[in-house]
1. Please give me, ordered by residue number, the trypsin sites (Lys or Arg not before Pro) of region 357-458 that lie in loop per DSSP and have at most 13 other Cβ atoms within 10 Å.
2. Using 0.36 nm per residue of separation minus the Cα-Cα distance, give me the extension gain between ASN343 and THR213 in nm, one decimal.
3. What does the C-alpha gyration tensor say about the overall shape of region 199-296? Classify as rounded when a/c is under 1.5, otherwise prolate if a/b is larger than b/c, or oblate.
4. Please name which of ASN243, GLY219, PHE313 has its Cα lying farthest along the dipole of region 198-447 towards the positive end, using unit charges on Cβ (Lys, Arg +1; Asp, Glu -1) and the Cα centre as origin.
5. At 7 Å along the Cα-to-beta-carbon direction for both LEU391 and GLU333, put a label point, then send me their distance in nm to one decimal.
6. With charges set only on the Cβ (+1 for Lys and Arg, -1 for Asp and Glu), what does the dipole of region 198-447 come to about its Cα centre, in debye to the nearest 20?
7. Across region 220-232, in residue order, what do the Karplus-derived ³J(HN,Hα) couplings come to in whole Hz, using 6.51 cos²θ - 1.76 cosθ + 1.60 with θ = phi - 60° and x for Gly and Pro?
8. Provide the net charge surrounding LEU433, with neighbours chosen by a C-beta distance below 10 Å and charges set as Lys +1, Arg +1, Asp -1, Glu -1.
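Every number here is computed from the coordinates shown, using simple stated rules; none is lab data. In this text, all values refer to a predicted model and were calculated from it rather than measured experimentally. As a convention, Cβ positions derive from the backbone with ideal geometry for all residues, glycine included, and neighbour counts pool all protein chains shown.
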Amino acid sequence: MQATSSLLNLLLLSLLAGLDPSKTQISPKEGWQVYSSAQDPDGRCICTVVAPEQNLCSRDAKSRQLRQLLEKVQNMSQSIEVLNLRTQRDFQYVLKMETQMKGLKAKFRQIEDDRKTLMTKHFQELKEKMDELLPLIPVLEQYKTDAKLITQFKEEIRNLSAVLTGIQEEIGAYDYEELHQRVLSLETRLRDCMKKLTCGKLMKITGPITVKTSGTRFGAWMTDPLASEKNNRVWYMDSYTNNKIVREYKSIADFVSGAESRTYNLPFKWAGTNHVVYNGSLYFNKYQSNIIIKYSFDMGRVLAQRSLEYAGFHNVYPYTWGGFSDIDLMADEIGLWAVYATNQNAGNIVISQLNQDTLEVMKSWSTGYPKRSAGESFMICGTLYVTNSHLTGAKVYYSYSTKTSTYEYTDIPFHNQYFHISMLDYNARDRALYAWNNGHQVLFNVTLFHIIKTEDDT
């Protein structure tokens, strides 16, 4: 068992370990190559390659030197498996690196289509992206267990930045085919590594990252955790009452720029901000009732509705901030859930697992935590995590495992940057918490304590 940490550690350290800065000479007459990875604020993965200058033939000695260096980098993959067992992983960074790789491939295609007009500014862009690695060093230091690897990483980053500074004025030719294959190889390895991560226990919350500032003080925004990798639609529901309009955006980028792709006029008003999109449908609490609605975005109609028996509604058992937040619908790696309170359980939180098609309650757990004392809550791997407030100083204070039917008190703080949280939901695909923070749409990273699967596991 290991604590989750950034897979970025794994990738960068194994790549950098094969580079000897003392042997990397900056010369317009020599062929050489540098690989690096970074993430930009939008979560895209950036890889950097410097190849020989344009007047060198692909079959001369300089080209062979480049290919030998490529083979050397590829041979480092064996060390990835060793470090994979020793280092901690942070799943959020992996997701960001995947997005960045997609942006990188688009950049390479742009360069290939416009070789003749390739200017010095491209090297400046590469230099700036490499510099973005430097702020990651404190994050890596926090999670690393091997101090020697950290020291080596910091030194290599400085050396690579210096090399890029010298290369900035040179314009070379890219071996696009080899570069493209390398990107595909890196992406495959990252996906294989992600598949080894299973459910884990929440250990830490970091952030937030402010994605956008919009809407009223209360609202909800979300993506579908079961959507395909190419489907990154965002749904936006402003306010906690007196509204039926859901706005859809094709991507996070469109959401940030305000480019709506579609709007939906729901047949009923919703109550609260605790909605969830799951497998292409929106699940929400019908206003002034304990009825749950399943609405299909593709079909544009209600597929199911069912009363949540005994559940309090209309500010009978809300979260600490009110807002008709009595019934909280959420999803995790296991499925669809409803969190609410009943008179029968003395106003304490009840957790129910729902059938996503019929909305029937498959099983329920009664906790001893008062719903009115909870700021917000979210499910991760079948465990409910409850915050003690929606204001400054809030922290995850209580957890209840549906697997063992046991609870524990926790102390996991997080930064309530804009002082008032009215929505906090976990997305299993992104391994992140989506939050509505006083008119700001933000993301929190989560660190989980994982079991790493191996090929021998059954």
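1. Numbers: sites: LYS363, LYS371, ARG372, LYS395, LYS403, ARG429, ARG431, LYS453; in loops: LYS403, ARG429, ARG431, LYS453.
Passing sites in region 357-458 are LYS403, LYS453.
2. Values: separation 130, 0.36 × 130 = 46.80 nm, distance 3.80 nm.
Additional length available on full extension: 43.0 nm.
3. rounded
4. Going by the charge dipole, the pick is ASN243.
5. About 3.6 nm separates the two model spin labels.
6. On the way: 22 positive and 19 negative charges, 46 e Å.
Rounded to the nearest 20 debye, it is 220 debye.
7. These are the phi-based 3J(HN,Hα) values: 8, 9, 6, 10, 8, x, 9, 5, 5, 5, 7, 9, 10 Hz.
8. Values: positive: ARG431; negative: GLU376, ASP425, ASP430.
Within the 10 Å Cβ shell, the charges total -2.
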